[in-house]
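Here's the structure we're looking at; comments come further down.
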Amino acid sequence: MESIIELSNINFSYQLEDASPALKDVSFTIQKGEWVAIIGHNGSGKSTLAKTINGLLLPVSGHISVGGKELNEANVWDIRRMVGMVFQNPDNQFVGSTVEDDVAFGLENQGIPRNQMVERVLDALQRVRMDSFATREPARLSGGQKQRVAIAGVVALRPDIIILDEATSMLDPEGREEVISTIKKIKSESNLTVISITHDIDEAANANRILVMKQGELVNEGTPEKIFSMGSDLVNMGLDLPFPEKLKIALKDRGIQVPEEYLTEERMVDWLWTSVLNK
């Protein structure tokens, strides 16, 4: 597979003399088209890490490569065109008086010709199923709808990578599902690389791979199955467990033998039906 992001020995401190740097010797590679979730407790460095990938923060030391280009002050704007970010609060990203104006804003800044701009705004809104809201005021939308418009604004710019920085944390369950299903659809259509910075374990379960941060260090990485099987170790780090893992622990405490491997909700239902309820 082709790598699209490479971090090598990244260190970052918000103050040069800070005895507790925000990032400590972090290294990893992300492949093109991969969905990677970065999880960790508050202050673990995950959002700081995301901001170094598109040059919002420049590391004190180490090397970052995006799309084959090494990140530096000379080419930071080229790299930012490859990396779109969706933040926690969509209200902080709105600048237009209508939905379509807001999606067009980034295109205007890039000097995209008007006929192309109109086409790309419509295409982006259709992709997030918000084209029927094009003339609405963003303030009148629900939380999930606002975040989908924010995603459309990024998608219209046609980046290679989308970073979701706690993008679902302020949404209700329905809004979270709206946003995640939208990202899944766009990723499938465009082979986007997705990085999600999240506390939501159910969101992280959609990833191909999970990176676990603790006190600025990358302490573990692997498939959702591998990471979720850590069980109490994740809980001790201040993180949650997916519902199937919690159910397995509860059943085990009651003397019921459970599978060692991670089970999705669908597989858990199948196992319960075939191995427990039919006995």
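The values are calculated or read from the model by the stated rules, or taken from the named source; none is laboratory data. In this text the structure is predicted, and so the values were computed from the model without any measurement. Neighbour counts run over all protein chains shown; Cβ positions are idealised from the backbone, glycine included. Surface areas here come from the heavy atoms of the whole protein model, side chains and all, with no ligands, DNA or RNA. Shrake-Rupley method; radii C 1.70, N 1.55, O 1.52, S 1.80 Å.
A single entry from 116, 145 fulfils the requirement of being open to solvent by 50 Å² or more (accessible area, probe 1.4 Å), assigned to a helix (DSSP H, G or I), among the polar types (S, T, N, Q) and modelled with pLDDT of 90 or more: 116.
Give the residue, chosen from 111, 55, that is part of a loop (DSSP other than H, G, I, E, B), within 18 Å of the chain's Cα centre (by Cα) and within 21 Å of residue 158 (Cβ to Cβ). Show your work before the answer.
Numbers: 111 fails: within 18 Å of the chain's Cα centre (by Cα).
Just a single option satisfies the conditions, and that option is 55.
Under the condition of being small (Gly, Ala, Ser) and part of a loop (DSSP other than H, G, I, E, B), which residue from region 62-90 is modelled with the lowest pLDDT? Checked region 62-90; the qualifying residue modelled with the lowest pLDDT is 74.
Among the listed residues 86, 99, identify the single one that is of a type outside the set (Asp, Glu), buried (at least 22 other Cβ atoms within 10 Å of the Cβ) and in contact with a Ser or Thr (Cβ under 8 Å, 6 or more places away or on another chain). Write out each step before concluding.
Values: 86 fails: in contact with a Ser or Thr (Cβ under 8 Å, 6 or more places away or on another chain).
Sole residue among the options that is of a type outside the set (Asp, Glu), buried (at least 22 other Cβ atoms within 10 Å of the Cβ) and in contact with a Ser or Thr (Cβ under 8 Å, 6 or more places away or on another chain): 99.
Scanning region 199-226 for residues that are of a type in the set (Val, Ile, Thr), at pLDDT 90 or above and not in a strand (DSSP E or B) returns a single hit, 223. Considering the conditions (1) open to solvent by 50 Å² or more (accessible area, probe 1.4 Å); (2) outside any helix (DSSP H, G or I), residue 235 is excluded by exactly one of them, (2).
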